[in-house]
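The values are calculated or read from the model by the stated rules, or taken from the named source; none is laboratory data. Only a predicted model underlies this, so the values are computations on that prediction, with no experimental measurement involved. Here the Cβ is made from the backbone with ideal geometry for all residues, glycine too, and neighbour counts use every protein chain on show.
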Amino acid sequence: MTFQTLDDLDDGQRVLIRFDLNSPVEDGEVQDNRRFARHAATLRELVDRDFAVAVMAHQGRPGDDDFVSLSQHAEILSGHIDSAVDHVADTYGDEALDAIDDLAGGDVLVLENTRMADGELPEEEPEVKADTEFVQTLAPEFDAYINDAYSAAHRSHASLVGFPVVMDAYAGRVMETEYEANTSIAEKEFDGQVTMAMGGTKATDVIGVIDHIGDKIDDFVLGGIAGQLFLRAQGYPIGYDVEGMDLFTTQWENNQEIIEEILDERGDQITVASDVAYGEDGERVEVDVEDVDEKGLGIMDIGTDTAEEYADLARESDAVFVKGALGVFEDEKFATGTVTVLEAIAETDCFSVVGGGDTSRAITMYGMSEDSFDHVSIAGGAYIRALTGDELVGVEVLREYAE
Ligand SMILES: Nc1ncnc2c1ncn2[C@@H]1O[C@H](COP(=O)(O)OP(=O)(O)O)[C@@H](O)[C@H]1O
Ligand SMILES: O=C(OP(=O)(O)O)[C@H](O)COP(=O)(O)O
């Protein structure tokens, strides 16, 4: 391993650990998910080894509905480790420092959402983040920093890259196992058809992949927001924001040019929906893309015909990679695309990886087993960058400053 791990750390120390507990929030309620379970295993080990632990994590982005306090996250973590987990509504101010001072061996304290604190954002070089008041205030309070947040390691934020510059830094167990799995994937070669199914809401992450690894992937089948932006680039009146959402306009403006370039250079590798689904009077309604004639239709899933087309391609593939849901699978009416493709992959003898904190929830939500896939990552954007061979700044800084 090219960075220090928990095996290199003596027991009973005061540690500041970074998790990625970024989770779906439905009607203000944080949804438990696999990220909690995976990080709880690291936390259980630290508590059993008598560490005094302060946890940093982020939730959502400023201005978004899911940008909330980590108080619920502390409760969910407590349930997973079956031990008390405190929360303080402060990240590095006096209230946080007082709570940190009171930490003893076996105690766990969750600090407030890092993105609510000055210095965390925006992305800047690790050395710049190391000089922030955020890092300079917290670092002296601990013996070591641990980064367990592989799924946020593509973000150069203070809590992810600033601390290894100024203090002893280690990889947590999630960081260790996800790095090993996802790096090995990037180095694999396949003889047969390699297919990548991409969707979700973060079209910018997804579009970057096509641009980077178009030579390794034979076919990209698209859904989610990215799929709609590619349809819009082909002239269909699809991919417009409705009811004040901002899922499309910004991402269209930021990606229109690269989408058009990709269609010019790799159009034969890109498959988009031939039919789509939307909600009307609480029901799922399907329509052929050719027949969509109104801008602003709230498209929530790929259609049944498209889902079957994508599933057939998956069945013929030697390897299938998935990132981002093909529809709003949390609503059963719009789970057809995601579930049809995942079930096809699960029943096919192929090498398969499903990535994405939200997307991987669909597996257990619809009665499938994670064992049916070669790797189910809790990372989305980070897993994609591992596939493309892009550096993960949170990993590189652990490596660069390892003693
Ligand atoms: N057509 C769509 N419109 C709005 N949201 C969508 C659509 N298709 C998929 N989604 C949403 O995308 C989310 C996952 O997106 P993203 O965060 O990019 O993936 P992940 O977190 O798995 O990496 C899912 O929660 C799903 O509800
Ligand atoms: O959920 C995450 O990324 P993912 O949606 O790509 O899995 C990470 O927590 C990063 O969150 P961000 O994309 O708001 O920086």
Boolean, Glu178 is within 24 Å of Ala41 (Cβ to Cβ) and crowded, with 20+ Cβ neighbours inside 10 Å: yes
Unmet criterion (only one of (1) farther than 30 Å from Gly63 by Cβ; (2) in a helix (DSSP H, G or I); (3) without any contact (Cβ under 8 Å) to a residue 24 or more places away in the chain) for Val287: (2)
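Test Leu297 against the criterion of being surrounded by fewer than 24 Cβ atoms within 10 Å (Cβ to Cβ), within 13 Å of ligand 1 (Cβ to nearest atom) and under 24 Å from Glu283 (Cβ atoms), and give yes or no.
So Leu297 passes the test.
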Residue list for the range 103-154, filter: out of contact with any helix residue (DSSP H, G or I) (no Cβ under 8 Å at 6 or more places or on another chain), within 14 Å of Asp20 (Cβ to Cβ) and part of a helix (DSSP H, G or I): Arg115
Positions within the range 172-199 being over 18 Å from the mean Cα position of the chain (by Cα) and either in a helix (DSSP H, G or I) or within 19 Å of Leu9 (Cβ to Cβ) (or both), in sequence order: Ser184, Glu187
Conditions (1) over 30 Å from Glu330 (Cα atoms); (2) under 17 Å from the mean Cα position of the chain (by Cα); (3) assigned to a loop (DSSP other than H, G, I, E, B): number failed by Ser159: (3)
Pairs where the first residue, in the range 309-335, is without any contact (Cβ under 8 Å) to a residue 60 or more places away in the chain and the second is assigned to a loop (DSSP other than H, G, I, E, B) and away from ligand 1 (no atom under 12 Å from the Cβ), C-beta under 6 Å, 6+ apart: Arg315/Thr348
Helices (runs of 4 or more DSSP H) fully within the range 290-403 counting 3 or more residues that are away from ligand 2 (no atom under 16 Å from the Cβ): 304-315, 336-346, 393-400
Within the range 328-349, tally of residues that are surrounded by 21 or more Cβ atoms within 10 Å (Cβ to Cβ) and farther than 15 Å from Asp301 by Cα: 2
Any hit, the range 244-253, residues being surrounded by 13 or more Cβ atoms within 10 Å (Cβ to Cβ), of a type in the set (Gly, Ala, Ser) and either closer than 23 Å to Ser377 by Cβ or out of contact with any strand residue (DSSP E or B) (no Cβ under 6 Å at 6 or more places or on another chain) (or both): no
Asp301 vs. criteria within 26 Å of Gly208 (Cβ to Cβ) and at pLDDT 95 or above: yes
